[in-house]
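Each remark here refers to the structure printed beneath this line.
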Number of protein chains: 6
Amino acid sequence: MVYLTRIEKFNAAHKLWVESWSEEQNQTVFGKCSNKNWHGHNYILHVTVKGTPDPLTGFIVDVKQLSKVIRDEVIEYLDHSNLNLDVPFIPKDMMPTTENLCMVIWKQLVNNIPAGTLHSIKLFETDSIYAEYLGE
Amino acid sequence: MVYLTRIEKFNAAHKLWVESWSEEQNQTVFGKCSNKNWHGHNYILHVTVKGTPDPLTGFIVDVKQLSKVIRDEVIEYLDHSNLNLDVPFIPKDMMPTTENLCMVIWKQLVNNIPAGTLHSIKLFETDSIYAEYLGE
Amino acid sequence: MVYLTRIEKFNAAHKLWVESWSEEQNQTVFGKCSNKNWHGHNYILHVTVKGTPDPLTGFIVDVKQLSKVIRDEVIEYLDHSNLNLDVPFIPKDMMPTTENLCMVIWKQLVNNIPAGTLHSIKLFETDSIYAEYLGE
Amino acid sequence: MVYLTRIEKFNAAHKLWVESWSEEQNQTVFGKCSNKNWHGHNYILHVTVKGTPDPLTGFIVDVKQLSKVIRDEVIEYLDHSNLNLDVPFIPKDMMPTTENLCMVIWKQLVNNIPAGTLHSIKLFETDSIYAEYLGE
Amino acid sequence: MVYLTRIEKFNAAHKLWVESWSEEQNQTVFGKCSNKNWHGHNYILHVTVKGTPDPLTGFIVDVKQLSKVIRDEVIEYLDHSNLNLDVPFIPKDMMPTTENLCMVIWKQLVNNIPAGTLHSIKLFETDSIYAEYLGE
Amino acid sequence: MVYLTRIEKFNAAHKLWVESWSEEQNQTVFGKCSNKNWHGHNYILHVTVKGTPDPLTGFIVDVKQLSKVIRDEVIEYLDHSNLNLDVPFIPKDMMPTTENLCMVIWKQLVNNIPAGTLHSIKLFETDSIYAEYLGE
């Protein structure tokens, strides 16, 4: 078993804001992240797949095809988007935290690559915060 | 003459959009950066000052004080902000490109540090684009 | 289960030196790291916690609070310190190697965050050496 | 159990090319990586060992000795080499993909360090592709 | 005057070898870089242009168009190439050192962007060597 | 004229402390940097030389020889040292700030490489502070 990781990037806006809370409560819990006018990040996404290298090509997967799937199914929707408003596969009542984004990106990818090969989604929101989801 | 650089960071949302243009024209010129719902970046700011090290302290400037000025005069306003809407020292009719941001950050800092010491403002918008302004 | 990592930094001095050994023996085992007058590093600390995102906030933990705990309980003591002499929670007879530092930082944090959430302490001593401790 | 990682680097040329395939087939599968005249990379190698820190030295292993083994047994052969042609421990019929390189580097190192201590070989081919092998 | 930099990357093989010299002389001067079977690098290219931001768009140049010119005129030829053999605009008798590459990349770009705007070509061969050329 | 930069690294301890000042005054000016028991950094040194590439070798200088000079004349003395106590070419009454270190490293190198070729000494103390000295 070998693990192969492809890194892709996207830039997006978001805010952390619970509609049913007061502005004060949002400010207390989310601080500056609750700015009504949004803020944003350069996100860095690590997608890890696992498998046995093909004896002829030496590939677990064709990394060019993996990159294309990530770009078609994830980056195309997230890059230069507003994560609260613009992305069909992000539920409108789901807070776009780094943790939750890992889980929706996993769901978006897992059925577009061979079954059993997706190992991990890791997402950097800044250079000091990242989350990882292993599918369970 | 020695040059000393302090790096600070901020995360912000913006869009590139000329009000007097049609949506199509904005899309043609600014592409995905014209998304009405905003997008954002992790900005990295390099502020460079110049001078002769003090014989006793070895300092051109006290870098802790320089850092405080940058945070009080720049980062406090820009971090977790919307660069088109929220920042008092960014004119509402000024496009918040990396180039223009360098110039307004220069203006914001130059009168808050000793005259003649500000040398350069360099700003990274992503890890593949940065701008620099030397004050003239 | 999602894993969330917060990165913090500190700068410190240390030396590797066994008191019961001769200078020659220390030099043989620890090389330049045994310099009696100390040397130092910019350490980079990754603290990883695990859990299920809160349905409302999307947080495993409040990363601002996690950051505060790391700074109050770890960085406050280690930053600009001498790791052999200055830190109350580093035993005086414990060699301040990257490996051992991971273990004492784990002990320092594990009782200050919700039980069962601390997953990993990873520490970079330089850009070519790092250690990781998972609590067992 | 603590994990300790040492990072070393090498620069090398390679191509991805199956001899029994037509040029067109190689181009289809490997794209630009099939250029007959080779291309190359700055590879970054992470070697992770595991163990319990020695009570006296605080070392899992002596990282200077680990570094020497990696350089003598791996880097000496791979640095400034052609991975398809020059390396005695890379089989001539093995495609030098990142995945396969992890496995041959593991084999090259596992008998040169104490039994049971090698934990992981991770190799970056570029800043957007890396593979990892855990020995099974 | 503001300076704007776009970063692009390419991976290539090369060797340093003077045909009129003996193998021994090449080895003495170029060391491992003279390996007959080539070696390679992940090159990182910084292209800096200068100008005054357009009052409406805030652009010195359209960075998307600048990126397209760099990719069409430079990266398309250099990426996954052999720098000694494959590149029409690298003279066959020119040693593909980082210094010389900066100069040929300058020549390749200077006539494809508005006159007087090209400021600097900076090229990283590894993370410890880079060269810069300012056109004179 | 082309500029070539070689990067080398060293780890060292230091403190900022004026002997003729009280402890309180040192604390006020230097903050945590005045810790009597020292602290330390992973320093990153950029040495830039300038010249015209040799028509045959494509070299401004032989970067391997430049690297050897930097290591023999600078790194050998600074690595794993105490910058206040251990380094013959750092005056005992000179504060080892990043600014001053650039100037003494310049003096240490300028007579060991061909006259007129040294262009710049840039030194990173942390990933958010660096200084540069151009020799005048």
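Quick look at the numbers
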item: In the E-D interface, the accessible area buried, summed over both sides, Å² (probe 1.4 Å); result: 1800 Å²
item: Other-copy label distances relative to residue B:22, 7 angstrom Cα-Cβ extension, nm; result: 4.8, 4.9, 7.5, 7.5, 8.9
item: Heavy-atom accessible area per residue - the stretch F:2-133, 1.4 Å, Å²; result: 40 Å²
item: For the stretch D:2-133, average projected area of the Cα convex hull in nm²; result: 8.4 nm²
item: Chain F: angle of helix F:98-110 to the longest principal axis, Cα-based, in degrees nearest 10; result: 40 degrees
item: Set B:68/F:9; A:36/B:122; D:68/D:107; A:36/C:9; F:50/F:122 screened for pairs whose C-alpha atoms are more than 20 Å apart; result: B:68/F:9; A:36/B:122; A:36/C:9
item: Reference-scaled alpha-carbon Rg (2.2 N^0.38 Å with N residues) for the stretch F:2-79; result: 1.63
item: Calculated from backbone phi, Karplus (6.51, -1.76, 1.60) coupling profile of the stretch D:80-87 in Hz, x at Gly/Pro; result: 6, 10, 9, 5, 7, 10, 9, 9
item: The stretch C:1-101: chymotrypsin sites (Phe, Trp or Tyr not before Pro) in DSSP loop, at most 15 other beta carbons within 10 Å; result: C:89
item: Exam field: residue A:62 pseudo-label spacings to other copies (7 Å along Cα-Cβ), nanometres; result: 3.3, 4.7, 5.0, 5.0, 6.3
item: Inter-label distance, nm, simple model (7 Å from Cα along the C-beta direction), residue D:71/residue F:65; result: 2.3 nm
item: Virtual paramagnetic centre 7 Å along Cα→Cβ of residue D:25, amide N under 16 Å, in the stretch D:70-113; result: D:95
item: Surface accessible to a 1.4 Å probe, residue B:92 within the full protein complex, Å²; result: 130 Å²
item: For the stretch A:64-136 versus the stretch D:53-114, the gap between their alpha-carbon centres in whole angstrom; result: 34 Å
item: Percent carbon-and-sulfur accessible area, the protein assembly as shown, ignoring ligands, DNA and RNA, probe 1.4 Å; result: 51 percent
item: Charge sum, other residues only, whose C-beta stays under 13 Å from residue A:50's C-beta, Lys/Arg counted +1 and Asp/Glu -1; result: -2
item: Span from the the stretch A:28-49 Cα centroid across to the the stretch E:1-32 one, whole angstrom; result: 41 Å
item: Cα-centred dipole magnitude for the stretch D:2-133, charges only on beta-carbon of K, R (+1) and D, E (-1), debye, nearest 20; result: 220 debye
item: List D:49, F:63, ordered by accessible area with a 1.4 Å probe, largest first; result: F:63, D:49
item: Rounded accessible area of residue B:105 (nearest 10 Å², 1.4 Å probe); result: 0 Å²
item: Charge-dipole axis of the stretch F:2-133 as Lys and Arg at +1 and Asp and Glu at -1 on Cβ define it, positive-most pick from F:124, F:69, F:27; result: F:69
item: Of all chain D residues, the one whose C-beta is nearest the axis that brings D onto E, in angstrom; result: D:40, 0
item: Shortest-first distances to equivalent copies, position residue E:114, nm, label 7 Å out along Cβ; result: 3.9, 3.9, 5.1, 5.6, 6.6
item: Computed helical MRE - 222 nm, chain D, DSSP H runs ≥ 4 contributing -39500 (n - 2.57), nearest 500; result: -6000 deg cm²/dmol
item: Net charge over other residues, Cβ less than 13 angstrom from the Cβ of residue F:79 (K, R count +1; D, E count -1); result: -2
item: Relative contact order of chain F, defined on C-alpha pairs under 8 angstrom at six or more residues apart (%); result: 30 percent
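The values are calculated or read from the model by the stated rules, or taken from the named source; none is laboratory data. No experiment lies behind these values; they were computed from the predicted model shown. No Cβ is skipped: glycine too gets one built from the backbone with ideal geometry, and neighbour counts run over all protein chains shown. Side chains are part of the model used for accessible areas, which takes the heavy atoms of the whole protein and leaves out ligands, DNA and RNA. Shrake-Rupley method; radii C 1.70, N 1.55, O 1.52, S 1.80 Å.
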